[in-house]
1. Of the residues that sit in the stretch 44-68 and are among the β-branched types (Val, Ile, Thr) and surrounded by fewer than 24 Cβ atoms within 10 Å (Cβ to Cβ), which one is farthest from Lys116 (Cα to Cα)?
2. Quick check on my filter: what residues within the stretch 139-163 are touching a Phe, Trp or Tyr at 6+ places or on another chain (Cβ under 9 Å) and under 19 Å from Tyr102 (Cα atoms)?
3. Any residue in the stretch 234-249 that is closer than 22 Å to Val175 by Cα, open to solvent by less than 60 Å² (accessible area, probe 1.4 Å) and in contact with a Leu (Cβ under 6 Å, 6 or more places away or on another chain)?
4. Give the residue, chosen from Leu60, Leu130, Leu135, that is at pLDDT below 95 and either β-branched (Val, Ile, Thr) or out of contact with any Ser or Thr (no Cβ under 9 Å at 6 or more places or on another chain) (or both).
5. Please specify each residue of the stretch 215-226 satisfying the condition of being open to solvent by less than 20 Å² (accessible area, probe 1.4 Å) and either free of Cβ contacts under 8 Å to residues at least 40 places away in the same chain or in contact with a Pro (Cβ under 6 Å, 6 or more places away or on another chain) (or both).
6. Could you please let me know if Ala41 is surrounded by 17 or more Cβ atoms within 10 Å (Cβ to Cβ) and more than 30 Å from Asn264 (Cβ to Cβ)?
7. For the stretch 76-125, how many residues meet the condition of being part of a helix (DSSP H, G or I), open to solvent by 20 Å² or more (accessible area, probe 1.4 Å), in contact with a helix residue (DSSP H, G or I) (Cβ under 7 Å, 6 or more places away or on another chain) and not hydroxyl-bearing (Ser, Thr, Tyr)?
8. Could you say whether any residue in the stretch 232-247 is modelled with pLDDT of 95 or more, within 20 Å of the chain's Cα centre (by Cα) and among the β-branched types (Val, Ile, Thr)?
Amino acid sequence: MGIESKYIWMDGELVEYEKANIHFLTGALHYGAGVFEGIRAYQTDKGPAVFRLTEHVERLIESAEIFGFRDLPFTVESVTKAILETTRVNGFMECYIRPLIYFNAGTATLNLDDGKASLGIAVWEWKNYLGDDALLKGVRANVSSFTRHHPNISMTKSKIAGNYVNSILAKTESVRLGFEEAILLDPQGYVAECTGENLFVVRRGKIITPASAPILEGITRHSIFIIARTLGYEVMEQPVSRDQLYIADEVFVCGTAAEVIGLNEIDFRRIGNGATGPITREIQMVFRDAVHGRDTEYEHWLTYVN
């Protein structure tokens, strides 16, 4: 996957891609001390449009505040403007957008008050995170041997960079075992989420998703709630046990990178008919129409770049 672009935003100015560097001893690199967002811009008839940009930027600022940064020099308005400018100057019709607020101090301190918060924004072309065939066929997953963070061990409502070591451990283990994705349980043993996606279970026409306490409250997850209910489905948030996955009619995951993808097998047990199920497919199609500006019901979710 190439992540090249013309420019990257670094602390208030656009810098050429090759010059967007930080010092080796920056604390964020050594301690995972930063918060980030994953955002997508999609091609529409009116040019590229960023999906739910305001909500993503609001969550970025909230993540920084939860983490403990004080007196941030950024606002939702200034970060939004910077993201649109970075996207515009790079000229992509579709791209992935990565803003990162990071702890800009040396490795001699673990106290956030001893440094400052810096902002970087990168964009790059990125298609299907889980592969080109995943949309129709779905992917294979397993329940990871690693547990999702306890909310009082690391803040689960903040997209803290260091939290994703948990996802790296789980994802690497699953891929080495021959799966494409990992499902993590929460500290109580119930289903939490995947390494970068929220999870939904379809059974007997109803859609169930794990309770929000131990998970990241995904913006795509919230979008799926709205789309599914608009389509007439009942969507419930409640604890989900591991064995409920095995007897589901459909299981699908969603996130900015993955979008909406079915799980066709979990722990060597076929889910449904072993391909993307009809309810998942219906939601996929509405979601795709929404992000590409083809469904006026959801056009308020788009912020046009030009």
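The values are calculated or read from the model by the stated rules, or taken from the named source; none is laboratory data. Everything numeric in this text was worked out from a predicted model, so none of it was measured. So basically every Cβ, Gly included, is an ideal-geometry build from the backbone, and we count neighbours across all protein chains shown. The area values use the complete protein model at the heavy-atom level, side chains included, leaving out ligands, DNA and RNA. Shrake-Rupley method; radii C 1.70, N 1.55, O 1.52, S 1.80 Å.
1. Among them, the one singled out is Thr44.
2. Within the stretch 139-163, Met155, Ser158, Lys159, Ile160, Ala161, Gly162 qualify.
3. Checked against the condition, which is being closer than 22 Å to Val175 by Cα, open to solvent by less than 60 Å² (accessible area, probe 1.4 Å) and in contact with a Leu (Cβ under 6 Å, 6 or more places away or on another chain), the stretch 234-249 yields no hits at all.
4. When all the criteria are applied, what remains is Leu130.
5. If the condition is that a residue be open to solvent by less than 20 Å² (accessible area, probe 1.4 Å) and either free of Cβ contacts under 8 Å to residues at least 40 places away in the same chain or in contact with a Pro (Cβ under 6 Å, 6 or more places away or on another chain) (or both), then Gly218, Arg221 are the ones that fit.
6. no
7. 1
8. No, the conditions are met nowhere in the stretch 232-247.
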